1. Which pairs break 23 Å Cα to Cα here: Lys60/Lys177; Lys60/Lys88; Lys60/Lys155; Lys44/Lys204; Lys155/Lys204?
2. Accessible area of Arg137, 1.4 Å probe, to the nearest 10 Å²?
3. How much accessible surface does Arg187 have with a 1.4 Å probe, in Å² rounded to 10?
4. Which whole-number percentage describes the relative contact order of region 25-102, with Cα contacts under 8 Å and a sequence gap of 6 or more?
5. Please give me the summed charge of the neighbours of Pro157: other residues whose Cβ is under 12 Å from its Cβ, Lys and Arg +1, Asp and Glu -1.
6. So which GluC sites (Glu not before Pro) in region 73-141 pass both tests, a DSSP loop state and at most 12 other Cβ atoms within 10 Å of the Cβ?
7. Probe 1.4 Å, all protein chains in place: accessible area of Val54 in Å², nearest 10?
8. Under a point spin-label approximation (7 Å from Cα along Cα-to-Cβ), what is the Ser199-Lys88 distance to one decimal in nm?
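The values are calculated or read from the model by the stated rules, or taken from the named source; none is laboratory data. As the structure is a prediction and not an experimental result, all values here were calculated from the model. All Cβ positions, even for glycine, are placed from backbone atoms using ideal geometry, and neighbour counts span all protein chains on display. All accessible areas refer to the heavy atoms of the entire protein, side chains included, with ligands and DNA or RNA removed. Shrake-Rupley method; radii C 1.70, N 1.55, O 1.52, S 1.80 Å.
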Amino acid sequence: MSTLRTTHNLTAALLLSCVCVCVCSGAASATSIRETSMAEMADKSAVIFEAVVVDVRAHKAARGSIVTDVVFEVLDVIKGRVPQRRLKLEFLGGEILGARQSISAMQYPELGEQGIYFAESIDQPLINPLYGWDQGRFLVQRDHAGVERVLTAGKRPVMDVQGSESTFFDAPGVAVKLSTGVASGVRATSAASANEALSAGQFKQRIRNLLGASP
């Protein structure tokens, strides 16, 4: 059994780990994900983009692990650069030819889904390349009027986005708060109708505001 770690800071991989999982064939131990904030995700993600998932496929990696490749057709880039319109990100785990490698708490983007994604890295192997795992994955769905609305990965309507700061990097001694799947600074509620959620344009503008871009 081997211990795999990933971080939200590629330059301090061993010091600032946000998730630790123990993976064995066919099963995985419980996974703990650190709660992040929208301000932190916007600042530390290498790339933030809107895209449609056009392919999801598992295969054996050279190192022997099963990995799942998710291919995105990029519609808009909010931060960073992508080398081409189709972007492939690699997620650890998956199923192929009857063999399965499970990662607890891992939710792979689904074929055909449209979303806005915060990628920690697009060129380094990580357990999950999305910053904060599901915290960095937002779904875009059309409402009854045809307006594209933003939902969390758990399909809760996103009502607002604020730049609440994370103290994790500034105060390393602070107790780590575990994620519930939604980053701090995201106001989401299951009680609201999806028609009341932020539009994709409003959501992306709030992210650009967090990045300091001009409206």
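1. On the way: Lys60/Lys177 34 Å; Lys60/Lys88 16 Å; Lys60/Lys155 31 Å; Lys44/Lys204 16 Å; Lys155/Lys204 18 Å.
Listed pairs above 23 Å: Lys60/Lys177; Lys60/Lys155.
2. Estimated to the nearest 10 Å², Arg137 gives 10 Å².
3. Its heavy atoms expose roughly 140 Å² to the probe.
4. On the way: 130 pairs, mean separation 25.4, N = 78.
Relative CO of region 25-102 lands at 33 percent.
5. Details: positive: Arg149, Lys155, Arg156, Arg187; negative: Asp143, Asp160, Glu196.
Net charge around Pro157: +1.
6. On the way: sites: Glu73, Glu90, Glu95, Glu110, Glu113, Glu120; in loops: Glu110, Glu113, Glu120.
Within region 73-141, the qualifying GluC sites (Glu not before Pro) (loop, at most 12 other Cβ atoms within 10 Å) are Glu110.
7. For Val54, solvent-accessible area is about 50 Å².
8. Result for the modelled spin labels: 3.6 nm.
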